[in-house]
Amino acid sequence: MLKEQDPLIELIREWIMAPIDESAGLQLSTLEVFHLVEEMMNEHVKNPHTSRLRKYIPKVKRMFVPLNLMDAVYDYDTFTNFTKRKRVAPTFKEVRHILNLASVRAIAPTLKLITFDADDTIYADGGIITESSEMVSVIVDFLQKGIVVSLVTAAGYPGDPHRYEVRLQGILEALEKIPESAQKRFLVMGGECNYLHVTHRDPESGRVRLRVVDGNEWKDGRGQRWDQQDCDRLLDRAEATLKDMIELLNMPAKIMRKERAVGIYNPTDKRFVYENLEEIALTVQYELRNETIPHCAFNGGNDVWVDIGNKGLGIAALQKYVVSLIPDGVNRTQLDGTECLHVGDRFTRTGNDTVSRDVASTAWVSNPEETALLMGFLVSL
Ligand code: IMP
């Protein structure tokens with residue numbers, strides 16, 4: 001299950017399944033393990049560099065908000081009874097759900113910006129969002145509550161906001177019916193951190209459309225600007241590796257090169273073998289390990305992409321750009337990870353949502369239905 005890899009979730013499951021200290025025969029109950037993990041996570045929020053959690057998971061990312069994990073465990077247990085099981089440990093998915101429940105509850109009082117991955121998070125892979133989608137009403141509710149909502153997607157369509165409009169038509173139609181102040185709180189960050197869009201009402205048609213924001217207005221918030229020549233050089237190396245890999249694995253893939261990205265996609269209607277895509281993503285990551293320009297190489301499920309920049313930088317730029325859009329944003333220069341939640345479906349080593357943990361609290365969903373359920377709960381808090 002390559003899509004289900006996470007050191008924290010694995011640690012929790014391991015401790016439940018096996019004695020924590022073999023020589024002492026120390027075995028903790030499911031509840032005791034969650035209690036210990038809650039303590040360790042909250043210690044990590046305060047002291048990320050010296051926490052016990054870091055000893056167990058050296059690469060553990062920052063955590064911004066203390067969680068009441070036990071409340072989430074008890075609530076989840078009322079409808080699953082998973083703690084009563086003696087022979088079957090909680091599954092990866094169950095632990096992920098518990099962490100999500102605790103995370104959304106913890107951030108609800110301070111939430112100001114919510115960012116969503118697109119494919120497989122708000123719509124199906126390669127899909128579109130229609131006005132009847134449950135996610136549309138949830139997004140509108142967030143906007144009307146004063147919370148900024150932005151998509152942060154790898155999909156990069158430089159200078160072509162229409163491509164995003166097509167996929168987001170249901171949201172844009174719903175925005176036509178709400179006050180302009182709320183409508184303006186919806187943004188789209190494309191190409192991970194390369195193309196920012198805001199909404200505006202087209203004076204002729206009255207429709208809500210997307211408009212590209214000039215880079216000078218927001219790119220400094222990302223902290224970095226990159227020379228196109230350096231980007232081209234990195235993308236050349238990535239492209240060469242992608243070519244070698246599809247040849248090696250004998251895949252009928254095609255290469256697509258863009259201004260800030262290069263990827264392989266599937267021109268056939270048969271899906272690629274997931275493990276082969278993993279192999280390619282990990283190989284490109286390794287080949288580019290000494291590059292100084294931030295980039296991300298990821299497995300998109302039926303394609304592999306290398307993008308300049310990453311979602312952590314995209315969210316960081318938004319945290320600065322959107323302060324003027326939040327009700328109490330005056331005198332603030334930026335938001336932080338205690339006020340920002342990123343919701344995505346790819347948090348493994350080859351996923352492009354993982355790096356969002358550098359700057360935001362996160363929730364890990366596995367499909368748009370799960371997103372709608374979790375976000376419906378969050379918006380009601
Ligand atoms: P995300 O899940 O919203 O981040 O979108 C990832 C998917 O967007 C990839 O798996 C691709 O199918 C698609 N995509 C389209 N254009 C690009 C690009 O320029 N870079 C990366 N992914 C892209």
Members of the range 156-193 found to be under 22 Å from H342 (Cβ atoms), among the charged types (D, E, K, R) and away from the ligand (no atom under 16 Å from the Cβ), listed by number: K184, R185
Residues within the range 40-55 that are of a type outside the set (S, T, N, Q), surrounded by 15 or more Cβ atoms within 10 Å (Cβ to Cβ), assigned to a helix (DSSP H, G or I) and touching a helix residue (DSSP H, G or I) at 6+ places or on another chain (Cβ under 9 Å), tallied: 6
Does F116 satisfy the criteria of being aromatic (F, W, Y) and in contact with a strand residue (DSSP E or B) (Cβ under 6 Å, 6 or more places away or on another chain)? yes
Could we say that V88 is assigned to a loop (DSSP other than H, G, I, E, B) and among the aliphatic types (A, V, I, L, M) here? yes
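Residue-wise test of (1) closer than 30 Å to Q144 by Cα; (2) not hydroxyl-bearing (S, T, Y).
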| residue | (1), (2) |
| --- | --- |
| Y265 | no, no |
| K270 | no, yes |
| I280 | no, yes |
| Q285 | no, yes |
| L288 | no, yes |
| G300 | no, yes |
| G314 | yes, yes |
| I326 | yes, yes |
Residue, nearest to the chain's Cα centre (by Cα), within the range 291-327, restricted to residues that are part of a loop (DSSP other than H, G, I, E, B) and more than 8 Å from the ligand (Cβ to nearest atom): N310
Those residues of the range 349-369 which are crowded, with 20+ Cβ neighbours inside 10 Å and farther than 18 Å from L313 by Cβ, in sequence order: T350, A363, W364, V365, P368
Scan the range 260-281 and tell me whether some residue there is closer than 30 Å to I107 by Cβ and either touching a helix residue (DSSP H, G or I) at 6+ places or on another chain (Cβ under 9 Å) or among the hydroxyl-bearing types (S, T, Y) (or both). no
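Do the conditions hold for R96, that is, is it crowded, with 18+ Cβ neighbours inside 10 Å and touching a residue at least 12 places away in the same chain (Cβ under 8 Å)?
Considered against the rule, which asks whether it is crowded, with 18+ Cβ neighbours inside 10 Å and touching a residue at least 12 places away in the same chain (Cβ under 8 Å), R96 comes out as yes.
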Out of all the residues in the range 104-117, is one or more of a type in the set (G, A, S) and assigned to a loop (DSSP other than H, G, I, E, B)? no
Hits in the range 257-282 (condition: within 22 Å of the chain's Cα centre (by Cα), in a helix (DSSP H, G or I) and not aliphatic (A, V, I, L, M)): Y274, E275, E278, E279
Residues of the range 72-109 being modelled with pLDDT of 95 or more and among the aliphatic types (A, V, I, L, M), which ones? A72, V73, V95, I98, L99, L101, A102, V104, A106, I107, A108
All but one of (1) within 16 Å of the ligand (Cβ to nearest atom); (2) closer than 22 Å to S380 by Cα hold for I128, so report the exception by its number. (2)
Tally, over the range 328-375, of residues that are assigned to a helix (DSSP H, G or I) and either of a type in the set (V, I, T) or within 12 Å of the ligand (Cβ to nearest atom) (or both): 5
Residues of the range 131-155 being within 13 Å of the ligand (Cβ to nearest atom) and either farther than 19 Å from F298 by Cβ or in contact (Cβ under 8 Å) with a residue 40 or more places away in the chain (or both), in sequence order, are S150, V152, A154
What about E259, is it more than 19 Å from G314 (Cα to Cα) and acidic (D, E)? no
Is there a residue in the range 96-112 that is farther than 30 Å from E10 by Cβ and polar (S, T, N, Q)? no
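The values are calculated or read from the model by the stated rules, or taken from the named source; none is laboratory data. What you are looking at is a predicted structure, and each value in this text was computed from that prediction instead of being measured. Quick reminder, even Gly has a Cβ in these numbers, built from the backbone with ideal geometry, and neighbours come from all protein chains shown.
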